[in-house]
Amino acid sequence: MERRQRRQALDQREAPVLEALAAYAAADEIGFTPPGHKRARGADPEVRKILGDAVFHGDVLASGGLDDRRQRNRVLERAERLMAEAVHAEHTFFTTCGSSLSVKAAMLTVAHPHEKLLVGRDAHKSVVSGLILCGIEPVWVEPAWDAERHLAHPPTADSYEKAFREHPDARGALVTSPTPYGSAADLPAVAEVCHRRGKPLVVDEAWGAHLPFHPDLPAWAMDAGADVCVTSVHKMGSGLEQSSVFHLQGDLVDPDALASRADLLGTTSPSVLMYAGIDGWRRQMALDGERILSRTLDLAARVRRDIEAIEGLHVHDAADFCGPGLAAEFDPLPVVMDIADLDISGYDAADWLREHHRIDMHLFDHRRISAQLTHADDEDTTGILLTALRDLVRHAQDLRPPPRVEVPDPAALRMEQACLPRDAFFAATEDVPLEKAAGRVAAEMVTPYPPGIPAVLPGEVLTEPVLRYLRSGVDAGMNIPDTADGALRTIRVSAGDPA
């Protein structure tokens, strides 16, 4: 009751960061501080012409600018409290280094170096980066694999139960939900598995910023009982790129410890522009989010129906993704299309759509493309999408037949973890030809991007099926941006004897 009364005392019509920016501009303050452009006066004229002066006017110091040097007006603190209330959390923290920072801070708080953490193997590369930086020992939890569609959904609660039974010393669990493809875990069940043991659950909900604001969307992590939830406001919200928040509730994770980890990893020069975008988006959603998202969901339903009517295209829906051994829930806003019947790859389709219709697709792989819809879309934008997709079908025969991507069975995708990701990453390394790499211990991540889920992790023993998959994928157009050799003629491995 006390928590409910505290929330009711807050006024969601407020936007403390935006209001402070307006007051700063009205006061016409002169800063003898960074940033050096001094509210656009020193910026290059061509840059000002392209970006506009509003960007520079909003780019002020967080302390000693937006707020006084001791932050006595509590501008950011008040904005974070309003966000926490809006999404049913007890604490919220804004960050301007993306959810890549937020998830690392959460991991460092839940587990310490050399301690175990249960992690879904469909985790984003930012999670693996966190394992490397933190020295945490991952206990990999297998995703719910759809072998027919070559697609991973979040691990089931039973999979986390099994992992905890085998590793009772694990400090907690991390699950990614929803995935970039829109499939979501049974978060209440996973939280119950963790809490029965007194262990915290961290949810990487980077693609779920919109979930708290409409009842017809998958369960929001805080409502589902998660302890920490990481959200990218720039993905499905209206924040600027790199805008992220993480939320906390319950007594299994110390809020002061979480804040200190975020401070350790974060920048000492946060972007007030990003804070303002987060603050304004929270106000927009808190006041009108359900209506806005109802319109968006109706639009998505119409777009899905219209795409399904285009010969050669199939739109994945809950019937494809949800069920026993698959996903528990489904977000319809990522419109994922299987184009295998066109006999073209998603890579070539995405390139063609950009070249001929100036459309950038959200995801693409060997047989799929995806259009991410948000509350910003309307009949005009989706009409352009539909026109482009119909044109793609008409010209599919002009695209080269796709080279075959040799996707292994789920069991063959998984490789032995011979040592900690941190130990392999920082060990002495050598680059070896891909055809001679089987049996060696990987010393780098190999990540098809998007969606950014590593196929190879440092410390894993490389196998022929995975190497063939990557080689054939690159030949078909797969983008792998994080390897030492972008063409993947060689791969970086631990120096010395094979595993």
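Protection proxy ranking of 302-313, 231-242, 247-258, by the mean of other Cβ atoms within 10 Å over each peptide's residues and highest first, is 231-242, 247-258, 302-313. Remark on THR463: its backbone amide H falls under 5 Å from those of GLY439, a criterion applied only to residues 5 or more positions apart or on other chains, H modelled at 1.01 Å from N. Relative contact order, whole percent, for region 191-299 stands at 25, derived from Cα pairs under 8 Å and 6 or more residues apart. Under the simplified labelling scheme, the ALA26-ARG394 pair shows an inter-label distance of 5.5 nm, with each label point 7 Å from Cα along Cα→Cβ.
Computed over the alpha carbons of region 60-156, Rg followed by Dmax gives 18.2, 58 Å.
Which of rounded, prolate or oblate describes region 124-201 when judged by the alpha-carbon gyration tensor and an a/c cut-off of 1.5? All intermediate terms of the calculation are to be shown ahead of the outcome.
Working: a/c = 1.78, a/b = 1.21, b/c = 1.48.
Here region 124-201 falls in the oblate category.
What the phi angles of region 351-357 give under the Karplus curve with 6.51, -1.76 and 1.60, with θ = phi - 60°, is a coupling list of 5, 5, 5, 5, 5, 9, 10 Hz, glycine and proline written as x. Per-residue 3J(HN,Hα) values for region 214-220, derived from phi via the Karplus relation 6.51 cos²θ - 1.76 cosθ + 1.60 with θ = phi - 60°, read 8, x, 8, 9, x, 4, 7 Hz in sequence order (x marks Gly and Pro). Comparing Cα centroids, region 149-179 and region 350-396 end up 33 angstrom apart. Average 1/r across all pairs of distinct alpha carbons in region 1-98, invert it, and you get the Kirkwood radius: 15.3 Å.
Using a cut-off of 11 Å between beta-carbons, work out the net charge of the residues near LYS235 (Lys and Arg +1, Asp and Glu -1, LYS235 not included).
Details: positive: none; negative: GLU205, GLU241.
Combined, the nearby Lys, Arg, Asp and Glu give -2.
When only Cα pairs under 8 Å and 6 or more residues apart are kept, what is the percent relative contact order across region 75-276?
Numbers: 412 pairs, mean separation 52.9, N = 202.
Across region 75-276, relative contact order equals 26 percent.
The Rg/Rh ratio of region 410-494, with both radii computed over alpha carbons and Rh defined as the Kirkwood radius, is 0.92.
Per the Kirkwood definition applied to all pairs of different Cα atoms, how many angstroms is the hydrodynamic radius of region 353-394? Walk me through the intermediate numbers first.
Details: mean 1/r = 0.0910 Å⁻¹.
One over the average 1/r among Cα pairs gives 11.0 Å for region 353-394.
Share of pairwise Cα-Cα distances greater than 16 Å in region 141-253 is 59 percent (whole percent). In whole angstrom, how far apart do the alpha carbon centroids of region 8-77 and region 234-313 sit? When both Cα centres are located, 22 Å separates them. With both labels modelled 7 Å from their Cα along Cα-to-Cβ, the THR33 to ILE310 distance reads 5.0 nm. Using the rule -39500 (n - 2.57) for each DSSP H run of four or more residues, divided by the residues of the chain, the 222 nm mean residue ellipticity is -11500 deg cm²/dmol. Packing here is the average count of other Cβ atoms within 10 Å per residue, and on that basis the peptides 435-443, 142-150, highest first, run 435-443, 142-150. In a solvent-free Debye calculation with one equal scatterer on each Cα, what is log10 I(q)/I(0) for the chain at q = 0.06, 0.13, 0.14 Å⁻¹, listed in the order of the q values? Result of the Debye calculation: -0.29, -1.36, -1.49.
Once a ≥ b ≥ c are taken as the square roots of the eigenvalues of the Cα gyration tensor of region 75-276, is the result rounded (a/c under 1.5), prolate (a/b larger than b/c) or oblate (a/b not larger than b/c)? Because a/c hits 1.5 or more and a/b exceeds b/c, region 75-276 counts as prolate. In order along region 127-136, the Karplus-derived 3J(HN,Hα) couplings, from 6.51 cos²θ - 1.76 cosθ + 1.60 at θ = phi - 60°, round to 5, 5, 4, x, 4, 5, 5, 8, x, 6 Hz, and Gly and Pro are given as x.
Indicate the gyration tensor shape class of region 327-452 (rounded, prolate or oblate), computed on the Cα atoms with a ≥ b ≥ c the square roots of the eigenvalues: a/c under 1.5 is rounded; otherwise a/b larger than b/c is prolate and the rest oblate.
Numbers: a/c = 2.54, a/b = 1.90, b/c = 1.34.
The shape class here is prolate.
Every number here is computed from the coordinates shown, using simple stated rules; none is lab data. Computed from a prediction, not measured in an experiment: that's the story for all the values here. All Cβ positions, glycine included, derive from the backbone under ideal geometry; neighbour counts span all protein chains shown.
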